[in-house]
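Beneath this line is the structure, given in C-alpha cells, with notes to follow.
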Amino acid sequence: MKILCLWHASDDEIENIKRAMPKDTKVVAPKGEYFSRYESTYAELEADARDADVLIGFSVPEGVLEIAEKLKLLCWLHAGVDDLAQFGLLARLKQRGVKVTNIAGSNALAVAEQAMMFILALAKQTLRKHHAGRECRRLYPLWADDNRSAMLSGRTLGVIGAGSIGGRVARFAKGFDMRVLGVRRNKAEPAEFVDSMHGMDELHYVLGESDYVVIAAPLTKETNQLIGKRELEAMKPSAYLVNVSRANIIQEKPLYDALTTARLRGYAADVWWIYEYVRAYPRSLSYPSRLGIEKLPNVLVSMAEAHNADDVLQRCLEWGTQSLVEFANGKSLTHEVQFDLGY
C-alpha cells in the first residue's frame, strides 16, 4: 500500500505513520522548501499521486484527485467535509467508490472552550471594559443597561447541534448553573448535560427560550442558511449568538440587521462566510463579511483560530492514522464520512 501525505510532513510524522502500518506500506510526502507546511502543490505531488492508494492531508491541490487513479481512501484531516462538497469533490469520490474519513471531534474540546470564552466575553463585556480600564475611564452610570454585565447562572443556553462540540459546551454550561436546551437532527439520541433535547421542528421554541445560543451543527443541505430573519426574530433581544461551526448556517444580511437595530444583543464567531465566485460578486471584497459584521461594536471575532490550540494537531494526526490502520486491516472505518448525510 502506498500512502501520500498531502502536506510537508516531518520525518517524525512520517515515521509514526509507518510504525503503525503493515511493514510493506510506503509512506511519502513532498520535500523541499514550502510557504505553508500544511499545503502542497500539484507539481510536488504529481509523481506520487498517480499510484497512491491513500491520500491523507489538510488540503488537496486542484487536479490531484483526477490523476490518483488507484485511490481507495481519502483521509481528510478536518472535522467537516463541506469544503469537499462545495467544490464537487465529495460527489466525485462517491461516484468512484473512494471512501472518505474525517477527524470530526478531534478539535471538539478546543472549539467548545472557545465557545465558552465567547459567551463569557460577550456577557461580561470584556473588551469594552478592558479598553475603558486602559483609559482609566469608569463606565457610568453604574448598573445602567449598557454598562452592566450579563449573568450565566440561572440563564438558558440553546445548543444547535448537540454533538461532540455542542455536548462539551453543554457540560461547561452546567458548571455555571445554566439550563441547557439542545437541538439535533435525531432528538432521541441522548446528551448527558442537556436538560431537554429538541428536533429541528422545535428550533424556534429553543431560540425563544434561550439567553445564549451556540451554533455547533455541521454545514449540510439542511443547515445551510438555517438561521434567517424569522429565526433571529424568535430570539430574545437580550440574547447573545455564538457561531463556532460554519458561517453559512446564518444568513448574513438578517444577522447584520439584527445586530444594528437592537434586535440581538451581541454576536461572536470563529467562522466567516465563504462566497462562491460564480454566485457572489465581487468575491475579492467579500471577506470576512461583505457588510462588515466583524467591525460592529457588539461583535467579537476570531479568524478560524478555535482549533489552533495545544494537543489538536497531535490528535488530528492520531485519528487520521487510526483510519489508515483500520483501512489497511480491512476493518470498518470509525470516522468514515456518510456521503448522504454530508458528515
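See the values below:
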| item | result |
| --- | --- |
| When residues of segment 154-176 are limited to those that are touching an Asp or Glu at 6+ places or on another chain (Cβ under 8 Å) and closer than 19 Å to K236 by Cβ, the one most open to solvent (accessible area, probe 1.4 Å) | R155 |
| Within segment 141-153, considering residues that are of a type in the set (A, V, I, L, M) and either without any contact (Cβ under 8 Å) to a residue 40 or more places away in the chain or closer than 30 Å to V337 by Cβ (or both), the one least open to solvent (accessible area, probe 1.4 Å) | A144 |
| Subset of segment 1-30 [polar (S, T, N, Q) and either over 15 Å from D53 (Cβ atoms) or not in a loop (DSSP other than H, G, I, E, B) (or both)] | S10, N16 |
| Members of segment 111-140 found to be open to solvent by 20 Å² or more (accessible area, probe 1.4 Å), closer than 24 Å to A79 by Cβ and touching a helix residue (DSSP H, G or I) at 6+ places or on another chain (Cβ under 8 Å), listed by number | E113, L120 |
| Subset of segment 98-110 [open to solvent by 30 Å² or more (accessible area, probe 1.4 Å) and in a helix (DSSP H, G or I)] | L109 |
| Condition broken by T220, with the remaining ones in (1) in contact with a Lys or Arg (Cβ under 8 Å, 6 or more places away or on another chain); (2) in contact (Cβ under 8 Å) with a residue 60 or more places away in the chain; (3) of a type in the set (S, T, Y) satisfied | (1) |
| Criterion violated by Q95 - all others in (1) within 28 Å of A268 (Cβ to Cβ); (2) surrounded by fewer than 21 Cβ atoms within 10 Å (Cβ to Cβ) satisfied | (1) |
| Members of segment 292-335 found to be open to solvent by less than 60 Å² (accessible area, probe 1.4 Å) and not aliphatic (A, V, I, L, M), listed by number | G292, E294, N298, S302, C316, G320, T321, S323, E326, F327, H335 |
| Close pairs from segment 35-51: first open to solvent by 50 Å² or more (accessible area, probe 1.4 Å), partner among the hydroxyl-bearing types (S, T, Y) and assigned to a loop (DSSP other than H, G, I, E, B), Cβ under 8 Å, at least 6 apart | Y38/S59; E39/S59 |
| Residue check, A121 in a helix (DSSP H, G or I), at pLDDT 95 or above and closer than 21 Å to E294 by Cα | yes |
| Residues of segment 200-232 satisfying the condition of being open to solvent by 30 Å² or more (accessible area, probe 1.4 Å), modelled with pLDDT of 95 or more, in contact with a helix residue (DSSP H, G or I) (Cβ under 8 Å, 6 or more places away or on another chain) and charged (D, E, K, R) | K229, R230 |
| Flag for V81 being at pLDDT below 95, open to solvent by less than 20 Å² (accessible area, probe 1.4 Å), farther than 15 Å from Q322 by Cα and not polar (S, T, N, Q) | yes |
| Qualifying positions in segment 177-199 - open to solvent by 80 Å² or more (accessible area, probe 1.4 Å) and at negative phi | R179, R185, K187, A188, E189, P190, E192, D195 |
| Residue within segment 161-173 that is assigned to a strand (DSSP E or B) and hydrophobic (A, V, I, L, M, F, W, C) present | no |
| Candidates E33, E62, E69, E39, filtered to the one that is in a loop (DSSP other than H, G, I, E, B), closer than 30 Å to I249 by Cβ and over 21 Å from the mean Cα position of the chain (by Cα) | E62 |
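The values are calculated or read from the model by the stated rules, or taken from the named source; none is laboratory data. Keep in mind it's a predicted model, so treat the numbers as computed, not measured. Ideal geometry is used to build each Cβ from the backbone, glycine not excepted, and the neighbour counts take in all protein chains shown. Heads up: the accessible areas ignore ligands, DNA and RNA and are worked out on the full protein's heavy atoms, side chains in. Shrake-Rupley method; radii C 1.70, N 1.55, O 1.52, S 1.80 Å.
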